[in-house]
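Taking it in order: structure first as structure tokens, then the write-up.
The values are calculated or read from the model by the stated rules, or taken from the named source; none is laboratory data. Predicted model, so just to flag it, every value in this text is computed and none were measured. Methodologically, a virtual Cβ is constructed for each residue, glycine included, from the backbone with ideal geometry; neighbour enumeration extends over all protein chains shown. The accessibility values were calculated without ligands, DNA or RNA, using every heavy atom of the protein model including side chains. Shrake-Rupley method; radii C 1.70, N 1.55, O 1.52, S 1.80 Å.
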Amino acid sequence: MAIREILTDKDPALHKKCHYITKFDEKLWTLLDDLKETLADAGGAGLAAPQVGIVRRAVIVITADDEMLELVNPEIVAQEGEQDGLEGCLSIPGMWGYVKRPMKVRVKAQDRSGAWFEAEGEEIVARCFCHEIEHLDGHVFSEHTDRLYTGDEIEEMQEKEERRSRRRRRR
């Protein structure tokens, strides 16, 4: 296993449609293991193969139980509800934006041996399913937001909201 370099938004690999995986062999297993190790090191919520320069349809998503879920050739099969919240990306470090996503998402994917399964996620996991699967089609979250914010801007907005909230409670 190895920690791989995470590419930034300017890299062409992040803007290519990924190829379907047809061989479920040691090469794929190494990729999945490396994605897990890279994600753990980076501290993100998910990671897609093109983010490490591999234009193949494989992602890792952290589940609600804090486990790393491997998704090979994933596709969204159902979604419901809506959430609007801050989203970031390991390939656009230090920047966040408000993005609308479904509240609940069901995906169909293959495991590292090629067996099909379905998984479901809500809130942050649903957001992550959508975000990572979009990477496989050459898209990044910044395409869905009107503006990107720095960490300092996010902190400032949160502090202002806390002050407003305290004033409302005193009334």
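With each label modelled as a point 7 angstrom along the Cα→C-beta vector, the residue 134-residue 16 pair spans 2.2 nm. Taking the chain as a Gaussian network of alpha-carbon nodes connected by springs under 10 Å, the highest mean-square fluctuation of the residues 72, 59, 99 belongs to 99.
Summarising the label geometry, the points placed 7 Å from Cα in the beta-carbon direction at residue 147 and residue 26 lie 5.3 nm from one another.
Legend: calculated FRET efficiency, residue 67 to residue 165, from the Cβ-Cβ distance at R0 = 25 Å, rounded to 0.05, equals 0.15.
Just to confirm my numbers, what's the Cα centroid distance between the stretch 133-165 and the stretch 26-83 in Å? Comparing the Cα centres of the stretch 133-165 and the stretch 26-83, I get a distance of 21 Å.
Annotation: extensible slack from residue 103 through residue 40 equals 20.2 nm (criterion: 0.36 nm per residue apart, minus Cα-Cα distance). Across the stretch 96-109, rounded Karplus estimates of 3J(HN,Hα) from the backbone phi angles (6.51 cos²θ - 1.76 cosθ + 1.60, θ = phi - 60°) give 9, x, 7, 9, 7, 9, x, 6, 9, 9, 10, 10, 10, 7 Hz, Gly and Pro being marked x. Rounded to the nearest Hz, the phi-derived 3J(HN,Hα) couplings of the stretch 111-128 under the Karplus curve 6.51 cos²θ - 1.76 cosθ + 1.60 (θ = phi - 60°) are 8, 5, 9, x, 6, 7, 8, 10, 9, 10, x, 10, 6, 5, 5, 4, 4, 5, where x marks glycine and proline. Between residue 157 and residue 115, what is the FRET efficiency for a Förster distance of 35 Å, r being their Cβ-Cβ separation, to the nearest 0.05? Once rounded, the FRET efficiency stands at 0.20. Straight-line cross-link partners of residue 17 among the lysines, defined as a Cα under 21 Å from its Cα and at least 8 positions apart when in the same chain: 27, 108.
On C-alpha positions alone, give me the angle between the axis of helix 26-42 and the longest principal axis of the chain, in degrees, nearest 10. Once rounded, one gets 20 degrees.
Can you put 153, 143 in order of accessible area, largest first, using a 1.4 Å probe?
Order by accessible area, largest first: 143, 153.
Listed by chain and number, the lysines whose alpha-carbon sits under 27 Å from that of residue 160, ignoring those within fewer than 8 places in the same chain, are 100. Each peptide in 38-51, 17-30, 85-98, 158-171 was scored by the mean count of other Cβ atoms within 10 Å over its residues; highest first, the order is 38-51, 85-98, 17-30, 158-171.
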